[in-house]
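To start, the structure under review is shown below, and the notes come after it.
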Amino acid sequence: MNKPFLLILFLVALSPRVVADKHDATQIVRDAIDHWRGLSSYTEMTMVIHRPDWERSMTMRAWTKGQDQSLVRVTEPKKDRGNGTLIDDDSMWTFSPKINRVIKVPSSMMGQSWMGSDFSNKDITRADDIIDQYDHTILSREEVDDITVYEIQSIPHEDAAVVWGREVLKIRDDHVVLEHAFYDQDGELVKKLVSLEIADMGGRTIAKRQRMVKTEDPDEWTEIGVNDVEYEIDLKDSLFTLSNLRNPRNN
Amino acid sequence: MRMLPVLSRLAWRYLWRNHRRTIIMVGAIAVGAWAMIFMTALTRGMVDQMIRDGISVLPGHVQAHNPEFLDDPSVSNRIAMGDEELAGKFDAMDFRAWASRVRVPAVITSERESRGVTLLGVDPEAEEEFSFVSYEDVEGRFLETPDDKGVVIGRKLADKLDTEVGKRIVIMSQDPDNEIADRGFRVVGLFKANMAAFEESYVFVGKKTAQKMLRIGDTTTEIVFVGDDYRNVDPTYQRVSEAVAGKLKVSRWYEVDTYLGTMMKVMDGFVLIWVIVIFLALSFGLVNTLVMAVFERIREIGLMLALGMKPSSILGQIIIESMFLLAIGLGLGDILAFASVKPLESGIDISVVAEGMEMWGASSMLYPKLYWSDMVLANVVVLILGFLASLSPAWRASRYEPVEAITKVG
Amino acid sequence: MNIVLRLAWRNIWRQRRRTWLTTGAMVFSNTLLVFMISLQFGMYGLMIDNTLKVFSGHMQIQVPGYKDDQKIRQAVPNVVPLASGLRQQFRTDTIAARGWAFGLASSAERSYGIGIFGVEPTFEPEVSSIPGLIKEGRYLEDSDATDIVIGSVLARNLRVGIGDELTLLGSGRDGSFAAAVVNVVGIFESGVVDIDRNIAQLPLGLFQEVFYMEGAGHQVVINAANLDEATLLEPQIIEALPAGEDLVVHDWDALQPGLKQAIQADMSSAFFMYGILVILVAFSVLNTQLMSVLERTHEFGIVMSLGLKPGRLGRLVMLETAMMGMLGLILGAIAGALFTSWFMVNGLSIPGMEEMSAKFNLPPRVYPQVNIWSTLIGPVVVFLFTLLAAVYPALRLHRLHPVEAMRAN
């Protein structure tokens, strides 16, 4: 046979998989986010904020619809009950019964922490940025207990409004995110979101407990635990309005 | 009056016969004149420098904004006219420099820190004339075009953010609809400024890049004009006001920074005090010198009177002598002043002097500035002063009793 | 040597007029020198005080790290008792506690991110000029009232006036939602746009409640009578800090980093100018001395022909000059000190200062500072120059021929 012909055959055989891997990476990430949010969802969760000298716990209810709409309402502790956050695409509004007003969060406050946690307002609204603003590649795949775990590296585009050098996600082929690590531009790990417990809830396998830890302050972390979740429920659009945000009695 | 040429010759010869004394007196006058001129140049330079530094941060002599902008400097209060329209208006008007820029509050974030800053979207070429950043002193590089995709921040800010040239940071602000407008930028340069506060609060990006990020088309929020003389900005103000025809608020620099404006008045007042003090020191020295000169000549004057010289002639001669001394002294003083100020106009580094003392550690550069009007004024003042100072002793001298005078023991 | 001294002294007074003229020149010049340098010192005091008086005070007690990070959790515990304890201990009212948080202020129409300060209404006016700059309404009175005072630019931007309501939103010390509705009771105008746009003040009691501070604050501001006293006070405050707490005292240089450098730079240049003045003065005194010595050539001739050696005569002349110089130095220093002291008490109003004072609530007069340094520096240099004046003619004496000298003049 002709040597060049072999070579071409060889290359042809190889290339689709390489291309497929790239597409796969982005698809894997997209699938993971869709899996977590669902088309719509209702979640009851507990957020624990831990510091070296104190700990605070809040219980919340959250509704999501599609990629862009979310409503969160605090139910415990009593002094925070009724506080709410509404997100629509990139905008965030906040409500507190103490002042009985809905206020749009301006850009100057987007960097402030959300409800005192280790997540910023921007983190909460921009969670889905990761899909389009980055280039994803599969670094490796592993088999663990019959489940394939993909390690995906996501590098932000040059102009993306992202400070990280790169992010590394470990995602299972059942779309559960095991770990989401954030590295600075020198390659140092700055913080990590880790799934501590995985369980079947609401008809899906999801991360039941997730914790965000900073590498430099391991004794400071925020943990989100899902107590109950329902997927693909019927949520009216009127749920995600400012007037509904203001009126806590409906939910 | 007929005696004038004779008296003049007498005066001249007298001066040169007592050349030692003449030299001393001329020297005193020269030093006095030099001090006055040098001091004025120095203080002028100081006030100039202070005001110029302040103006370079504003920047400019005259600024134009949307009327709401000065209270609420957000992008919703931007200038309605786009860059093309502005260029059409102002390019032809031949200002020393003018530029439109985007100035809005923003938040800059790195991996670990975030800070509130003022974002400046500029055209680097247009701003070079008046920017407080010296482009050559930038570590890395300054922006090159209005489309530049990089960001230039202050050294101190880079330290606080724990970032450096080559790394990316994110700048976040708001667009006119109050939606978040943000973007990643690569740090291409770090600048140093006199005041640490400027290094921490100002962030430079290309004007077109900023306009795109903020979704404002080709509009901007601030227009800066620089004329020739910061003390006289009214002509510039008038021309700009006419050109904008009421659509924008036009401000003179001291209206925007009232603190600096009032400070200038205080500095001027302070300079006045220095000048008065020098003046007093000089005049006293002058009077003293001339008075002494006459008293030392009592015997000689008595002799001249005894020999028949008229008292009025004595008066005349002494005054003419003084004028000669003043003229020569002033001439020398002028030359000295010129020779000492001109080369130093590029800056006196006083750290040399300050170094020796513990109290004063910081160095500073002084830039004296010689204005011809100051020099002429100093000369005129000294001449008049000298003339008046010589009147009394000359008068006294002419009134001496010859016999008494001659027999006075020196 | 004693004879020479008495001779020198008598020589001086034999020529009353000449002596007085020369000495008079020195006294006058020295007065000017003392005045100018005292004025310079007074100006620096003024510049520093003006900047510090607005808000930062001469020193502040904070927890370490707060100055750079300004995180609400970096709080000074029990800040109100701490401040009142210090007030009692040092018997002064110029100590006040504060808290600070970044938050959102909203009116019916607008919202802005601002710095919210919690202050002690009774004592804040003692440490800051802002309470004195209320343009409309009144300052805060009751530490627990739901009152707020805001800057004039912020009031305009929010479109509120006296009596209107504002909503405050932020993050409390424990991370929870901090929110409150307050009434605008006063609007201040400092003339500095950044202050007038970005600052609001609440009573400290209300602040602590809204932001869940649990009795803590972020700063204790301390003012002394002037800079010198502040330097003395600082170590005392450090000692008075409660043991076991991690607190630190920052002086004004740490709080306002650019200020010291700006002043030092200004000081060097002023010193340069002062140097010129000294040269001028010294030169004219030198001139007077030289002339008077030279005029005595005839007299020297006589004296030398009577047998006095040039060396001795030279020493005599130097001594006379030194005596006159001393006289000028002492009288000049005293006159200068007295003259300047009048201004130290009554103040000097430099043209332009009234405007400064009216617009920015700053002192309208500067008070020259008379101290040992300012009294002596200039006059001493002049004295040295005076001595120099005697050197040339003293040397010349060696070449003097008595007969020629007697023929002089």
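The values are calculated or read from the model by the stated rules, or taken from the named source; none is laboratory data. Not measured: the values here are computed from a predicted model. When we count neighbours, we look across all protein chains shown, and the Cβ atoms used for this are built from the backbone with ideal geometry, even at glycine.
Can you give me the ranges of the helices (runs of 4 or more DSSP H) entirely in the range B:269-361 with at least 2 residues that are of a type outside the set (A, V, I, L, M, F, W, C), surrounded by fewer than 17 Cβ atoms within 10 Å (Cβ to Cβ) and modelled with pLDDT of 80 or more?
B:311-344
Find the residue count for the range A:161-210, including only residues that are within 14 Å of chain B (Cβ to nearest Cβ) and outside any loop (DSSP other than H, G, I, E, B).
9
Give the residues of the range C:5-19 that are of a type outside the set (S, T, N, Q) and either at positive phi or out of contact with any Ser or Thr (no Cβ under 7 Å at 6 or more places or on another chain) (or both), sorted by residue number.
C:L5, C:R6, C:L7, C:A8, C:W9, C:R10, C:R14, C:R16, C:R17
Which condition does C:D246 not pass, out of (1) assigned to a helix (DSSP H, G or I); (2) surrounded by fewer than 17 Cβ atoms within 10 Å (Cβ to Cβ), if it passes all the others?
(1)
Considering only helices (runs of 4 or more DSSP H) fully contained in the range C:1-91, which possess at least 1 residues that are within 14 Å of chain B (Cβ to nearest Cβ) and surrounded by fewer than 23 Cβ atoms within 10 Å (Cβ to Cβ)?
The helices (runs of 4 or more DSSP H) meeting that bar are C:2-14, C:16-54, C:66-69.
Kindly indicate whether any position in the range B:57-74 is in a helix (DSSP H, G or I) and either among the charged types (D, E, K, R) or more than 19 Å from B:E128 (Cα to Cα) (or both).
No, the range B:57-74 has no match at all.
Against the condition surrounded by fewer than 18 Cβ atoms within 10 Å (Cβ to Cβ) and either touching a strand residue (DSSP E or B) at 6+ places or on another chain (Cβ under 9 Å) or at pLDDT 90 or above (or both), how does C:L306 come out, does it pass?
no
Filter the range B:83-114 down to the residues that are more than 14 Å from chain A (Cβ to nearest Cβ) and either within 30 Å of A:M109 (Cα to Cα) or among the aromatic types (F, W, Y) (or both) and list them by number.
Within the range B:83-114, B:F90, B:F95, B:W98, B:S100, B:R101, B:V102, B:R103 meet the criteria.
Which of the residues that make up the range B:144-176 are of a type in the set (K, R), over 35 Å from the mean Cα position of the chain (by Cα) and closer than 24 Å to A:M109 by Cβ?
If the condition is that a residue be of a type in the set (K, R), over 35 Å from the mean Cα position of the chain (by Cα) and closer than 24 Å to A:M109 by Cβ, then B:R168 is the only one that fits.
Which of the residues that make up the range B:243-269 are at the interface with another protein chain (Cβ under 10 Å from one of its Cβ atoms) and in contact with a Pro (Cβ under 9 Å, 6 or more places away or on another chain)?
Residues satisfying the conditions are B:K265, B:V266, B:D268, B:G269.
Among (1) under 24 Å from B:G82 (Cα atoms); (2) within 11 Å of chain C (Cβ to nearest Cβ), there is one condition B:G227 misses while meeting the rest; what is its number?
(2)
Kindly establish whether B:V117 is assigned to a strand (DSSP E or B) and within 14 Å of chain A (Cβ to nearest Cβ).
Answer is yes for this residue.
Spot the failing condition for B:F284; the list is (1) within 14 Å of chain C (Cβ to nearest Cβ); (2) touching a residue at least 12 places away in the same chain (Cβ under 8 Å), and only one is missed.
Failed condition: (2).
Would you mind stating whether A:F182 is in contact with an Asp or Glu (Cβ under 6 Å, 6 or more places away or on another chain), at negative phi and among the aromatic types (F, W, Y)?
Yes: the conditions hold for A:F182.
For the range C:102-134: of the residues being touching a helix residue (DSSP H, G or I) at 6+ places or on another chain (Cβ under 6 Å), farther than 30 Å from A:K104 by Cα and of a type outside the set (S, T, Y), which is surrounded by the fewest Cβ atoms within 10 Å (Cβ to Cβ)?
Checked the range C:102-134; the qualifying residue surrounded by the fewest Cβ atoms within 10 Å (Cβ to Cβ) is C:P125.
For the range C:174-189, what are the residues that are out of contact with any strand residue (DSSP E or B) (no Cβ under 7 Å at 6 or more places or on another chain) and either more than 14 Å from chain A (Cβ to nearest Cβ) or under 17 Å from C:V119 (Cβ atoms) (or both)?
Once the filter is applied, which keeps residues that are out of contact with any strand residue (DSSP E or B) (no Cβ under 7 Å at 6 or more places or on another chain) and either more than 14 Å from chain A (Cβ to nearest Cβ) or under 17 Å from C:V119 (Cβ atoms) (or both), the range C:174-189 yields nothing.
Would you kindly identify the helices (runs of 4 or more DSSP H) lying entirely within the range C:136-242 that contain at least 1 residues that are within 28 Å of C:E109 (Cα to Cα)?
Filter on the range C:136-242 gives C:152-158, C:193-198, C:204-210.
Assess whether A:Q112 counts as being without any contact (Cβ under 8 Å) to a residue 24 or more places away in the chain and either within 14 Å of chain C (Cβ to nearest Cβ) or closer than 26 Å to B:V151 by Cα (or both).
yes
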